[in-house]
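K.L.:
To start, I am sharing the structure in question, which I have written as structure tokens.
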Amino acid sequence: MRFAETWTQCTVHAIRDVTPTIREFVLRPDRCDVTSAAIGSHVQVALTVNGRRDTRSYSLVGDFDPGAYRIAVRLAPDSRGGSRAMWALRLGTRLDVASPTSLFEIDWSRKSYCLIAGGIGITPILGIAAALARKPVDVTLHYAVKSQHDAAYCDELTALLGNRLKLHASDEAQRLDLDATFASLPPDALVIMCGPMRMLEAARKSWAAAGRAATDLRFETFGSSGLLPTESFRVRIKDSGAEIEVPQSRSMLAALNDAGYEVISDCQRGECGVCAIDVVSVYGQIDHRDVFFSEEQKHGNKKMCPCVSRAVGTVTVDTLYRREVA
């Protein structure tokens with residue numbers, strides 16, 4: 001396992017709204033000797049979602065603070081309930097929080113960097129921007145939002161980057177042109193981005209079309225983002241006759257494990273592929289929310305990552321798990 005979790009209790013120390021739909025939380029751990037975190041890291045937060053214990057992942061905002069975890073949560077009406085649970089927290093609330101882990105692999109030796117953030121994807125990018133702003137490198141941040149009112153941390157970013165911050169507000173017809181952005185970069189530029197699935201898929205296609213090295217595009221997504229609405233669906237287990245309902249508030253991975261069909265997993269963010277299971281048939285449509293499989297593999301619908309991917313309708317899978325017969 002790449003991500004060995006160490007949990008500690010934290011207290012909600014501060015709360016503030018940074019936009020009408022994004023709320024920042026400062027969580028102070030009981031232990032002061034918090035392990036230092038890599039820039040762009042995230043933490044798992046244990047929450048009560050719809051009456052049961054669950055976990056959600058949130059990126060750390062800004063530079064690492066050894067005395068507190070700063071996270072920001074967008075209130076998403078179509079989410080699995082984690083954002084509503086977070087927004088219900090009050091000062092002094094006690095939470096279990098896992099030690100920070102990072103999925104970004106950043107080459108800090110480049111001379112040119114292009115940062116791209118979509119909506120709440122600005123949270124891990126802010127710390128990366130701060131680190132690069134202190135280095136003698138060329139760095140530009142493209143921040144795509146629905147409107148300027150949705151742009152979190154603009155004052156902080158402007159202080160760091162000045163006119164190297166490019167805000168793209170779609171309601172003002174300032175949509176981010178990925179093709180033009182990538183065409184303007186020097187050959188050795190490294191792109192680091194975080195955003196919703198549609199943005200990441202568009203970036204991967206544009207980057208490949210530009211003939212760029214795939215390893216020079218580093219990205220992270222959020223597991224709740226997909227191409228289809230988040231709603232309940234059904235999973236049938238091959239050869240067993242069992243059928244499981246995956247509620248809107250739970251991941252397919254959690255529902256399978258709850259039902260006794262143990263699926264090994266690691267990152268639980270759709271990026272490592274450890275939890276991938278075989279798809280036997282689909283009555284409806286799979287919403288592949290991972291960034292592990294290629295577009296061709298997703299189109300083939302032979303496998304899926306149950307940690308983040310969902311479906312509309314019913315999907316039959318083979319978990320390869322077989323119960324022992326007495």
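K.L.:
Tell me, yes or no, whether the stretch 143-156 has at least one residue that is free of Cβ contacts under 8 Å to residues at least 40 places away in the same chain and either closer than 19 Å to Ile106 by Cβ or among the β-branched types (Val, Ile, Thr) (or both).
P.N.:
Yes, the stretch 143-156 contains at least one residue that is free of Cβ contacts under 8 Å to residues at least 40 places away in the same chain and either closer than 19 Å to Ile106 by Cβ or among the β-branched types (Val, Ile, Thr) (or both).
K.L.:
Conditions first: (1) in a loop (DSSP other than H, G, I, E, B); (2) within 21 Å of Ile192 (Cβ to Cβ); (3) modelled with pLDDT of 85 or more. Ser225 passes all but one, so which condition is the exception?
P.N.:
(3) is the only condition that Ser225 fails.
K.L.:
Also: Output yes when any residue across the stretch 24-45 is at pLDDT 95 or above, surrounded by 20 or more Cβ atoms within 10 Å (Cβ to Cβ), under 18 Å from the mean Cα position of the chain (by Cα) and closer than 27 Å to Val308 by Cα, and no when none is.
P.N.:
Scanning the stretch 24-45 turns up at least one residue that is at pLDDT 95 or above, surrounded by 20 or more Cβ atoms within 10 Å (Cβ to Cβ), under 18 Å from the mean Cα position of the chain (by Cα) and closer than 27 Å to Val308 by Cα.
K.L.:
How many residues are assigned to a strand (DSSP E or B), of a type in the set (A, V, I, L, M) and farther than 15 Å from Leu132 by Cβ if we restrict to the stretch 163-195?
P.N.:
2
K.L.:
Here is a follow-up. Sort out which residues of the stretch 77-103 are closer than 24 Å to Cys272 by Cβ, surrounded by fewer than 19 Cβ atoms within 10 Å (Cβ to Cβ) and either in contact with a helix residue (DSSP H, G or I) (Cβ under 8 Å, 6 or more places away or on another chain) or of a type outside the set (A, V, I, L, M, F, W, C) (or both), and write them in order of number.
P.N.:
If the condition is that a residue be closer than 24 Å to Cys272 by Cβ, surrounded by fewer than 19 Cβ atoms within 10 Å (Cβ to Cβ) and either in contact with a helix residue (DSSP H, G or I) (Cβ under 8 Å, 6 or more places away or on another chain) or of a type outside the set (A, V, I, L, M, F, W, C) (or both), then Asp96, Ser99, Thr101, Ser102 are the ones that fit.
K.L.:
One residue is enough: does the stretch 6-21 have a residue meeting the conditions within 26 Å of Ile116 (Cβ to Cβ), surrounded by 19 or more Cβ atoms within 10 Å (Cβ to Cβ) and modelled with pLDDT of 90 or more?
P.N.:
Yes, the stretch 6-21 contains a residue that is within 26 Å of Ile116 (Cβ to Cβ), surrounded by 19 or more Cβ atoms within 10 Å (Cβ to Cβ) and modelled with pLDDT of 90 or more.
K.L.:
Take Val274 and decide whether it is surrounded by 15 or more Cβ atoms within 10 Å (Cβ to Cβ) and assigned to a strand (DSSP E or B).
P.N.:
no
K.L.:
Restricting to the stretch 196-212, give me the number of residues that are outside any helix (DSSP H, G or I), modelled with pLDDT of 90 or more and touching a helix residue (DSSP H, G or I) at 6+ places or on another chain (Cβ under 9 Å).
P.N.:
Total satisfying the criteria: 2.
K.L.:
Would you mind telling me which numbered condition in (1) more than 17 Å from the chain's Cα centre (by Cα); (2) under 23 Å from Arg250 (Cα atoms); (3) outside any loop (DSSP other than H, G, I, E, B) Arg56 fails?
P.N.:
Against the list (1) more than 17 Å from the chain's Cα centre (by Cα); (2) under 23 Å from Arg250 (Cα atoms); (3) outside any loop (DSSP other than H, G, I, E, B), Arg56 comes up short only on (1).
The values are calculated or read from the model by the stated rules, or taken from the named source; none is laboratory data. All of these numbers come straight from a predicted model, not from anything done at the bench. Note that each Cβ is placed from the backbone with ideal geometry, even for glycine, and that neighbours are counted across all protein chains shown.
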